[in-house]
Protein chains: 2
Amino acid sequence: MSTPEYLKGNKDAIRGFIDKYDVFLFDCDGVLWSGDHLFPGSVPTLEMLRKKNKRVVFVTNNSTKSREDYRKKLESMGIPATVEEVFGSSYSASIYISRILPQSHPEVKKRNKVFVVGEAGIETELASEGIPYLGGTDPAYRRDVTPEDYKLLAAGDPSVLDPDVGVVLVGLDFHFNYLKICYAYHYIKRGALFLATNTDSTLPSAGALFPGAGSVSAPLVKMLGGQEPMAFGKPNQAMMDAIEGKFQFDRSKACMIGDRTNTDIRFGLEGKLGGTLGVLTGVATKEDFLEGDVRPHYYVDELGDLLEGA
Amino acid sequence: MSTPEYLKGNKDAIRGFIDKYDVFLFDCDGVLWSGDHLFPGSVPTLEMLRKKNKRVVFVTNNSTKSREDYRKKLESMGIPATVEEVFGSSYSASIYISRILPQSHPEVKKRNKVFVVGEAGIETELASEGIPYLGGTDPAYRRDVTPEDYKLLAAGDPSVLDPDVGVVLVGLDFHFNYLKICYAYHYIKRGALFLATNTDSTLPSAGALFPGAGSVSAPLVKMLGGQEPMAFGKPNQAMMDAIEGKFQFDRSKACMIGDRTNTDIRFGLEGKLGGTLGVLTGVATKEDFLEGDVRPHYYVDELGDLLEGA
């Protein structure tokens, strides 16, 4: 494995790096901001890239926000963006369910409802593809489990387990609970496909880590004896294919920028992009970049270091 | 690996089996009952064994009930028992925390509080050993996570993260939520030991499976990159040592009876008991007993089959 090139403080190297690519795919949380804290270099760096006519795409595994939610978040932080420039894991999963599944899993076609463990972002993206769903933010599932639940779920009673559910889709859910895990498990045991928007174990916020979507699906994986969900966020290439399908770019002239080796950098490497750039403002440490199993082509301390090449 | 002997319908074999042992260790859920449904053969079989002067011990991984709760449950089902005959995983964990940890982990001695993810049974057993705790059934932790939580937890603010917490103990929690997982994770990241009453992936009830204690700790295991908790329920031998310490029995004259190969049967085999008996009224199937990696010495369809040897 080669050693990543440290760009900071080397103007020529940074200029060469920027010139090499037409498209920059950005991870957001941990790169542009952390939680609600925008990194000072983010806005000027994006402006600089746009001035150089680079295409920027915001690629996020955050399933709690729809693309439009994300565009608003970018905008509220002073980053102009269009909905088309945003790719989220909920969108990626919804595209798969509406367009691929009917061909790949014809048995699911007749059971076209999705049981959601997750927040509103998933619901919005499912609705945008015309997919019926239940669960999600419905307050009916935000309660304690009762002895009656056990009986009805065990019996597969259609008054609680909708026979039209063919997919369980799990994302980050700040309201996950015992009851929702029970429902998801019993739908899966009755033949529903087990999908996840993404499987990030943690969510960075306020400079620390909190449970991510992968931790929300972890109880189900445990109950299912280790069966992992089919996942749609980075590093899954379903998302790369969707991005490429939309923008028709040359992968050799695209660069993925991210803070996590196992999601962002792996996403770019497995997608055979021309470059990958690691930043140290998120999860990965310098040691991860230099000595880990998955290493970026380049790394900087923070995104704003690229401004030296302006 | 040898093939388990099927005892049902063979009076002599059953009599020989019973005569061989002085002590019968019983798993409860899946053997004596399932959820709230008592199997008809349970009470007469226990009576028959008591008449033959066998010692019976009820060994349960269920962490939601204290030993006294369990004795009451046994009693309410017509099974007389004393608190001493009941061994639960919460009790086993509490014994470890109060008696072993101060020697094995002197650094924890000064941080003597336990953060509990679990139900009242854990609290009762911790209290019986004089161990201070927080979390658990405290309604203050049964709420949504807020932006303020992220900030205070990330900062390790002592107003939310008690500096005296040296242990995180996770058991089955019907009220587990995002906030509790956040707390548990941040305590562990600040040096608290990660313990679990048990790691059963599922809980049998009403003839079906529901999330077990292992599914409640799964989000933490995922967040910690695969670090498993130190666990005290079956098949962990800490529990066998405690049972033996109490009753001073000859392991070669003891038999473990259970429905799960990976917990009950493994518990007996690794504890080098004279015998293990599998029953088919719980999780394991006949194929698990006959072809699995962990096989009992004997098996029957249900506990009541032993009555043929009365």
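Using a Förster distance of 41 angstrom, determine the FRET efficiency expected from the C-beta separation of B:Phe247 and A:Ala155, and round it to 0.05. Efficiency for this residue pair is about 0.50. Determine the percent antiparallel among the DSSP beta bridges restricted to chain B, to the nearest 5. DSSP beta bridges in chain B are roughly 15 percent antiparallel. Taking Cα atoms only, the orientation of helix B:178-189 departs from the longest principal axis of chain B by about 80 degrees. Counting only other residues whose beta carbon sits under 9 Å from that of B:Val59, what net charge do I get with K and R as +1, D and E as -1? Summing Lys and Arg as +1 and Asp and Glu as -1 gives -1. Taking the label point 7 Å along Cα→Cβ, B:Asp250 and its counterparts in the other copies are spaced 8.4 nm apart, in ascending order. Shape descriptor for the range A:158-310: Rg over Rh equals 1.06 (Cα atoms; Rh from the Kirkwood inverse mean 1/r). Inter-copy label distances for A:Lys272: 5.8 nm (label point placed 7 Å from Cα along Cα→Cβ; shortest first).
Its DSSP H runs of at least 4 residues, each contributing -39,500 (n - 2.57), put the calculated 222 nm mean residue ellipticity of chain B at -9500 deg cm²/dmol, to the nearest 500.
Look at the alpha carbon pairs under 8 Å that are at least 6 residues apart: their mean separation over the length of the range B:106-231 gives a relative contact order of 25 percent. Close amide H pairs (under 5 Å, H built 1.01 Å from N) link B:Trp33 with B:Phe39, residues at least 5 positions away or on another chain. Proximity of backbone amide H atoms, modeled 1.01 Å from N, is registered between A:Gly274 and A:Ser252, A:Lys253, A:Ala254 at under 5 Å, excluding neighbours fewer than 5 places apart on the same chain. Taking Cα atoms only, the orientation of helix B:237-247 departs from the longest principal axis of chain B by about 60 degrees.
Distances between equivalent label points of A:Gln237 across the copies, with each point positioned 7 Å along Cα→Cβ, amount to 4.7 nm, shortest listed first. With both labels modelled 7 Å from their Cα along Cα-to-Cβ, the B:Lys11 to B:Glu228 distance reads 4.5 nm.
Determine the alpha carbon to alpha carbon distance for each of A:Lys180/B:Lys222; A:Lys110/A:Lys180; A:Lys20/A:Lys65; A:Lys151/B:Lys51; B:Lys11/B:Lys65 and list only those over 29 Å. The pairs that break the limit, which is 29 Å between Cα atoms, are A:Lys20/A:Lys65; A:Lys151/B:Lys51; B:Lys11/B:Lys65.
Take the Cα radius of gyration of chain B and divide it by 2.2 N^0.38 Å, N being the number of residues; the result is 1.04. Rg and Dmax over the alpha-carbon atoms of the protein assembly as shown stand at 27.4, 90 Å. Cα-based values for the range B:224-263, radius of gyration first and Dmax second, are 13.2, 42 Å. Of all DSSP bridge pairs formed entirely within the protein assembly as shown, close to 15 percent run antiparallel.
Ranked by the mean number of other Cβ atoms within 10 Å per residue, highest first, peptides A:57-68, A:75-86 order as A:57-68, A:75-86.
Closest approach of any chain A Cβ to the axis that rotates A onto B belongs to A:Ala218, 2, distance given in whole Å.
Among beta bridges identified by DSSP and lying wholly in the range A:117-242, the antiparallel ones come to about 35 percent. Of the peptides A:179-189, B:223-233, B:45-55, the order by per-residue mean of other Cβ atoms within 10 Å, starting with the highest, comes out as A:179-189, B:223-233, B:45-55.
Ignoring aspartates and glutamates fewer than eight residues from A:Lys54 along the same chain, the ones with Cα atoms less than 12 angstrom from its Cα are A:Asp19, A:Asp22. Only Cα pairs under 8 Å and 6+ residues apart enter the sum, and on that basis the relative contact order of chain A stands at 24 percent. Counting Cβ atoms of other protein chains within 10 Å of each Cβ in B:222-228 and taking the mean gives 4. Taking a cut-off of 18 Å, what percent of all Cα-Cα pairs in the range A:105-231 are separated by more than that? Across the range A:105-231, Cα pairs with separations above 18 Å total 52 percent.
In this simple spin-label model, placing a label point 7 Å from the Cα along the Cα-to-Cβ direction at both A:Met77 and B:Arg55 gives a separation of 6.4 nm.
No value in this document is a laboratory result; all are computed from the given coordinates. Predicted model, so just to flag it, every value in this text is computed and none were measured. When we count neighbours, we look across all protein chains shown, and the Cβ atoms used for this are built from the backbone with ideal geometry, even at glycine.
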